[in-house]
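Enquirer: Quick one: the structure is below, questions incoming.
The values are calculated or read from the model by the stated rules, or taken from the named source; none is laboratory data. Keep in mind it's a predicted model, so treat the numbers as computed, not measured. Cβ placement follows ideal geometry from the backbone for every residue including glycine, while neighbour counts extend to all protein chains displayed. Surface accessibility is based on the protein's heavy atoms, side chains included, excluding ligands, DNA and RNA. Shrake-Rupley method; radii C 1.70, N 1.55, O 1.52, S 1.80 Å.
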Amino acid sequence: MHVVVTGASAGIGEAIARAFSARGHGVTLVARRRPLLEALAASLPGPSHVVEADLGDPATCTAWLPAAEAALGPVDVLVNNAGMQVIGPTAEVDIERAELSLRLNLLSPLRLTHAVLPGMLARRQGCIVDVASMAALAPTPAMTWYNASKAGLAGASEALRGELRGTGVHVVTVYPGIIETDMGKAGLAAYQKSRMLALQPRGTTEGLAARVLKAVERRRARVVYPAIYGMTRWLPPVTRWFMDRLTPPLAGH
Ligand SMILES: NC(=O)c1ccc[n+]([C@@H]2O[C@H](COP(=O)([O-])OP(=O)(O)OC[C@H]3O[C@@H](n4cnc5c(N)ncnc54)[C@H](OP(=O)(O)O)[C@@H]3O)[C@@H](O)[C@H]2O)c1
């Protein structure tokens, strides 16, 4: 099986690439930092293909796909994982960076899906994995653009699964809570220290990757991790109440 993982140079994407490779699958590793991708590729047990690409431009974000398919065969699993976070007062946010986050987190995954889907449908098999965020289920104050990008991706992902029923192509929507990566740590540091933040359950990249692998293999609809956050899907008004009242202010504000 050929698994494409975007944002494979670090954090969650790296762990997902390791998990699929350990299962014997070929993996295409996509990100901007080639040395990190090459080091990862060298440490994997199975075949891999390295792609240095900036996915922040939807117009060019699929250009590397033909070479990847020539190297490892048609794409069986696309993991849309690359992403960035924008945290700060909405009135003061750097608008260029904010719009880049929408292109990287939302438009590029949709373009990549559009590019691989015809082949998957023709073969009547395949899987799209969209790494959204708990920000889609529990939008967080001072993350306006991130919330928008992740809610957009999650909405598209959930509905695509329904659209593709009976085609053989499956969609997994992933909702990570706080995962201890560079992004996760930066996110925590952006807010003032609080008991609410300290009490919030956290997850590991390995734990999330194992759940994503299982969801693809067993054709599960979604992964919410840590699992306790699953209650937000059933209790949206309560979730909103907590987020509005208990999210600590930004550090330095
Ligand atoms: N950590 C959390 O708490 C958390 C929670 C919920 C959701 N998520 C989501 O999980 C995904 C992975 O996050 P993470 O925590 O693993 O973050 P991370 O450690 O910061 O890794 C982000 C990955 O995305 C890649 N990337 C960033 N900008 C890119 C660009 N313009 N083009 C191509 N690749 C790019 C990075 O590679 P290069 O820098 O080498 O390009 C890196 O491999 C993201 O979509 C994030 O929103 C994370």
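Enquirer: Just to be sure I understand, how many residues within segment 157-174 are of a type outside the set (A, V, I, L, M) and either touching an Asp or Glu at 6+ places or on another chain (Cβ under 6 Å) or touching a residue at least 12 places away in the same chain (Cβ under 8 Å) (or both)?
Expert: Within segment 157-174, the first condition is being of a type outside the set (A, V, I, L, M), and the residues that meet it are 157-158, 161-163, 165-168, 170, 173.
Add one more test, that the residue is either touching an Asp or Glu at 6+ places or on another chain (Cβ under 6 Å) or touching a residue at least 12 places away in the same chain (Cβ under 8 Å) (or both), and what stays is 157-158, 161, 167-168, 170, 173.
Residues meeting the conditions: 7.
Enquirer: Given the criteria in contact with a Gly (Cβ under 8 Å, 6 or more places away or on another chain), small (Gly, Ala, Ser) and more than 10 Å from the ligand (Cβ to nearest atom), does Gly7 qualify? Spell out how you get there, then give the answer.
Expert: Details: in contact with a Gly (Cβ under 8 Å, 6 or more places away or on another chain): yes; small (Gly, Ala, Ser): yes; more than 10 Å from the ligand (Cβ to nearest atom): no.
Considered against the rule, which asks whether it is in contact with a Gly (Cβ under 8 Å, 6 or more places away or on another chain), small (Gly, Ala, Ser) and more than 10 Å from the ligand (Cβ to nearest atom), Gly7 comes out as no.
Enquirer: Another one. Report, by residue number, each residue of segment 139-154 that is open to solvent by 40 Å² or more (accessible area, probe 1.4 Å), assigned to a helix (DSSP H, G or I) and not hydroxyl-bearing (Ser, Thr, Tyr). Step through it out loud before you land on a result.
Expert: Narrowing segment 139-154 to residues open to solvent by 40 Å² or more (accessible area, probe 1.4 Å): 139, 141, 144-145, 148, 151.
Those still in the list that are assigned to a helix (DSSP H, G or I) too: 144-145, 148, 151.
If the condition is that a residue be open to solvent by 40 Å² or more (accessible area, probe 1.4 Å), assigned to a helix (DSSP H, G or I) and not hydroxyl-bearing (Ser, Thr, Tyr), then Trp145, Ala148, Ala151 are the ones that fit.
Conditions (1) touching a strand residue (DSSP E or B) at 6+ places or on another chain (Cβ under 8 Å); (2) under 16 Å from Asp130 (Cβ atoms), marked per residue:
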site: Leu29; (1), (2): yes, no
site: Pro45; (1), (2): no, no
site: Pro58; (1), (2): no, yes
site: Cys61; (1), (2): no, yes
site: Ala68; (1), (2): yes, no
site: Val75; (1), (2): yes, yes
site: Gly88; (1), (2): yes, no
site: Leu102; (1), (2): no, yes
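Enquirer: Out of Ala215, Ala189, report the one residue that is assigned to a helix (DSSP H, G or I), among the small types (Gly, Ala, Ser) and under 18 Å from Phe20 (Cβ atoms).
Expert: Ala215
Yes/no per residue for (1) closer than 26 Å to Ala190 by Cβ; (2) over 18 Å from the mean Cα position of the chain (by Cα):
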| position | (1), (2) |
| --- | --- |
| Ala22 | no, yes |
| Ala31 | yes, no |
| Leu40 | no, yes |
| Leu55 | yes, no |
| Val75 | no, no |
| Asn81 | yes, no |
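Enquirer: Right, another one. Looking only at residues that are hydroxyl-bearing (Ser, Thr, Tyr) and out of contact with any strand residue (DSSP E or B) (no Cβ under 7 Å at 6 or more places or on another chain) in segment 174-203, which one is farthest from the ligand (Cβ to nearest atom)? Step through it out loud before you land on a result.
Expert: Filtering segment 174-203 for residues hydroxyl-bearing (Ser, Thr, Tyr) gives 175, 181, 191, 194.
From the residues that got through so far, the ones that are out of contact with any strand residue (DSSP E or B) (no Cβ under 7 Å at 6 or more places or on another chain) too are 181, 194.
Working: Thr181: 3, Ser194: 17 Å.
Among those residues, the one meeting the criterion is Ser194.
Enquirer: Being within 16 Å of the ligand (Cβ to nearest atom) and in contact with a helix residue (DSSP H, G or I) (Cβ under 9 Å, 6 or more places away or on another chain) narrows it down to one residue among Ala39, Ala68, Ala59; which is it?
Expert: One residue alone meets the criteria, Ala59.
Enquirer: Can you name the number of the only condition in (1) touching a Lys or Arg at 6+ places or on another chain (Cβ under 9 Å); (2) assigned to a helix (DSSP H, G or I); (3) near the ligand (Cβ under 8 Å from one of its atoms) that Ala209 fails?
Expert: The failed condition is (3).
Enquirer: Here is a further query. Having 1 or more residues that are touching a residue at least 60 places away in the same chain (Cβ under 8 Å) and surrounded by 17 or more Cβ atoms within 10 Å (Cβ to Cβ) is the bar; report the helices (runs of 4 or more DSSP H) wholly within segment 1-95 that clear it. Working first, answer last.
Expert: Values: elements: 11-22, 34-43, 65-72.
The helices (runs of 4 or more DSSP H) meeting that bar are 11-22, 65-72.
Enquirer: Which of (1) at pLDDT 95 or above; (2) not in a strand (DSSP E or B) does Thr173 not meet, given it meets every other one?
Expert: Single failed check for Thr173: (2).
Enquirer: Scan segment 202-253 for residues that are open to solvent by 50 Å² or more (accessible area, probe 1.4 Å) and either of a type outside the set (Ser, Thr, Tyr) or touching a His at 6+ places or on another chain (Cβ under 6 Å) (or both) and report the count. Steps first, answer last, please.
Expert: We begin by selecting, within segment 202-253, every residue open to solvent by 50 Å² or more (accessible area, probe 1.4 Å); these are 202, 204, 206, 210-211, 214, 217-220, 222, 227-228, 231, 233-238, 240-242, 244-246, 249, 252-253.
Filter again for either of a type outside the set (Ser, Thr, Tyr) or touching a His at 6+ places or on another chain (Cβ under 6 Å) (or both), leaving 202, 206, 210-211, 214, 217-220, 222, 227-228, 231, 233-238, 240-242, 244-246, 249, 252-253.
Final tally of qualifying residues: 28.
Enquirer: Hey, another quick one. Taking the stated definitions as given, is Pro109 open to solvent by less than 50 Å² (accessible area, probe 1.4 Å) and either more than 8 Å from the ligand (Cβ to nearest atom) or in contact with a Lys or Arg (Cβ under 8 Å, 6 or more places away or on another chain) (or both)? Steps first, please.
Expert: Numbers: open to solvent by less than 50 Å² (accessible area, probe 1.4 Å): yes; either more than 8 Å from the ligand (Cβ to nearest atom) or in contact with a Lys or Arg (Cβ under 8 Å, 6 or more places away or on another chain) (or both): yes.
In short, yes.
Enquirer: Can you tell me which condition Asp130 does not meet? The list is (1) among the charged types (D, E, K, R); (2) assigned to a helix (DSSP H, G or I); (3) surrounded by 15 or more Cβ atoms within 10 Å (Cβ to Cβ), and all the others hold.
Expert: So Asp130 meets the others, but not (2).
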